[in-house]
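Enquirer: Submitted below is the structure of interest, expressed as structure tokens.
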Amino acid sequence: RLENAWIVDEDGKGNLGTKFDTLIGTDENRLFIEANLDKAESNDPKYDVSALYSRNVAPFWDVQAGVRYSEDKNNSSSDRVDGVIGILGLAPYFFETQAYLYGGENNFWGASFDVDRDLLLTQKLITQPYIEADIVLNDNSDFASKTGLSELKTGIKTRYEITKRIRPFVDVAYQYEKGLKETRFQQATDSEKGWLYGAGIEFVF
């Protein structure tokens, strides 16, 4: 699955985002690869890539473990490798769920949680409420975020399936970011929140 989206905040500042994920292997043992790239206007891109071994342990549920590499080119020497464990699957009432725990250098510990659900308006027009959350439990790096709920994004994505493989969409969301903590390389920043509006297209192979 490959997704490209252009998102604009309340101040008119745009952000280009690209997401890619794939599962390779059998029904029981698979390699899960996920990559995310974000580039805000007037900023350099930041990205992360995860490679996880995915083992089916129950109907609709995989346990996963592996590594994640991330880099923010707006901060020098901000690249990091984290260990990852988590689950991927379909919760009751058809909620697609991803939940991960991360641990890495500079005593970093964090977690993420993504959940969404498809609601059919017609056979081709589908709306998808979703919640995405990132939590920082501890981070002693030079470019650390504040501990606690680092980022929360909730919204509704509505897509039209031209075919099952080509799916343009619009997205309306509300986002909260807690901000950065003070270190020797950066000043603390205040939390930010506001509405986001966007459109994009998703390709499924």
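Enquirer: How large is ³J(HN,Hα), in whole Hz, for each residue of segment 164-172 in order, when computed from phi with the Karplus curve 6.51 cos²θ - 1.76 cosθ + 1.60 and θ = phi - 60°, using x for Gly and Pro?
Expert: 5, 9, 10, 9, x, 8, 10, 9, 10
Enquirer: If you put +1 on each Lys and Arg Cβ and -1 on each Asp and Glu Cβ, how big is the dipole of the chain around its Cα centre, in Debye rounded to 20? It would help to have the intermediate numbers written out before the result.
Expert: Details: 23 positive and 34 negative charges, 100 e Å.
Value, rounded to 20: 480 debye.
Enquirer: For a distance above 15 Å, tell me the whole-number percent of Cα pairs in segment 129-172 that qualify.
Expert: Details: 575 of 946 pairs.
Every Cα pair in segment 129-172 considered, those over 15 Å come to 61 percent.
Enquirer: Which peptide among 125-133, 5-13 comes first, and what is the full order, when sorted by highest mean count of other Cβ atoms within 10 Å?
Expert: Details: 125-133: 15.4, 5-13: 13.0.
Going by the mean number of other Cβ atoms within 10 Å, highest first, we get 125-133, 5-13.
Enquirer: Quick one: go through segment 35-72 and flag any residue whose amide nitrogen is under 19 Å from the point 7 Å out along the Cα-to-Cβ line of Glu105.
Expert: Once the point is set 7 Å along Cα→Cβ of Glu105, 46-51, 66-72 turn out to lie under 19 Å by backbone N, inside segment 35-72.
Enquirer: Under Stokes-Einstein, with the Kirkwood radius over Cα pairs standing in for Rh, what whole-number D in µm²/s applies to segment 129-205 at 20 °C and 1.002 mPa s?
Expert: The diffusion coefficient I find is 148 µm²/s.
Enquirer: Around Leu180, which amide H atoms from residues at least 5 apart in sequence, or from another chain, sit under 5 Å from its own amide H, with H modelled in the peptide plane?
Expert: HN-HN under 5 Å from Leu180: Lys146, Thr189.
Enquirer: Sticking with this one: Towards the positive end of the charge dipole of the chain, with charges on Cβ (+1 Lys, Arg; -1 Asp, Glu), say which of Ala173, Leu31, Ala99 has the farthest Cα.
Expert: The listed residue farthest towards the positive side: Leu31.
Enquirer: So what is the accessible area of the chain per residue, in Å², with the probe set to 1.4 Å? Spell out each step's value before the answer.
Expert: Working: 12160 Å² over 205 residues.
I get 59 Å² per residue for the chain.
Enquirer: Taking square-rooted eigenvalues a ≥ b ≥ c of the alpha carbon gyration tensor, is segment 90-146 rounded, prolate or oblate, where a/c under 1.5 means rounded and, failing that, a/b exceeding b/c means prolate? Could you put the intermediate results ahead of the total?
Expert: Working: a/c = 5.13, a/b = 3.00, b/c = 1.71.
Prolate.
Enquirer: Additional query: If you add up the charges near Ile201, with Lys and Arg at +1 and Asp and Glu at -1, over every other residue whose beta carbon is less than 15 angstrom from its beta carbon, what do you get? List each step's numbers first, then the result.
Expert: Numbers: positive: Arg1, Lys19, Lys124, Lys157, Arg159, Lys164, Arg165, Arg167; negative: Glu3, Glu161, Asp171, Glu202.
Local net charge: +4.
Enquirer: Could I ask something else about it? Residue farthest toward the positive end of the dipole of the chain, with Cβ of Lys/Arg at +1 and Asp/Glu at -1: which of Trp195, Val57, Thr147?
Expert: Value: Val57.
Enquirer: For the chain, give the percent of accessible area contributed by carbon and sulfur heavy atoms, probe 1.4 Å, rounded to a whole number.
Expert: Details: 7020 of 12160 Å².
The value for the chain is 58 percent carbon and sulfur by accessible area.
Enquirer: Still on this structure, please answer the following. So how far apart, in nm, are the two label points at Val170 and Arg55 if each is 7 Å from Cα heading toward Cβ?
Expert: About 4.6 nm separates the two model spin labels.
Enquirer: Work out the length of the dipole vector of segment 93-205 about its Cα centre, built from +1 on the beta-carbon of each Lys and Arg and -1 on the beta-carbon of each Asp and Glu, and round it to the nearest 20 debye.
Expert: Numbers: 13 positive and 17 negative charges, 90 e Å.
Using Cβ point charges on Lys, Arg, Asp and Glu, segment 93-205 gives about 440 debye.
Enquirer: Measure off 7 Å from each Cα along the Cα-to-Cβ vector at Gln128 and Thr147, then give the distance between these two points in nanometres to one decimal.
Expert: 3.5 nm
Enquirer: Between Phe205 and Leu37, what length comes free when the chain is fully extended (0.36 nm per residue of separation minus the Cα-Cα distance, one decimal in nm)? All intermediate terms of the calculation are to be shown ahead of the outcome.
Expert: Working: separation 168, 0.36 × 168 = 60.48 nm, distance 1.96 nm.
The span from Phe205 to Leu37 would gain 58.5 nm if fully extended.
Enquirer: Residue by residue through segment 97-110, what is 3J(HN,Hα) from phi via Karplus (6.51 cos²θ - 1.76 cosθ + 1.60, θ = phi - 60°)? Round to whole Hz and write x for glycine and proline.
Expert: Calculated HN-Hα couplings, in order: 10, 10, 9, 9, 10, 10, x, x, 5, 6, 6, 7, 9, x Hz.
Enquirer: Calculate how large, on average over all directions, the projected area of the Cα convex hull of segment 48-161 is; give the answer in nm² to one decimal.
Expert: Taking a quarter of the hull surface, the average projection is 8.6 nm².
Enquirer: Counting just the Cα atoms, what span does segment 1-87 cover along each of its three principal axes? Round to the nearest Å and put the largest first.
Expert: 45, 28, 18
Enquirer: What is the spin-label model distance, in nm, from Val63 to Glu192 if the labels are put 7 Å beyond Cα along the C-beta direction?
Expert: Here the answer is 4.0 nm between the modelled labels.
The values are calculated or read from the model by the stated rules, or taken from the named source; none is laboratory data. The model shown is predicted, which means the values in this text are computed figures rather than measured ones. Cβ coordinates were reconstructed from backbone atoms using ideal geometry, including for glycine residues, and neighbour counts include every protein chain displayed. Accessible surface is based on the protein model in full, side chains and every heavy atom, while ligands, DNA and RNA are left aside. Shrake-Rupley method; radii C 1.70, N 1.55, O 1.52, S 1.80 Å.
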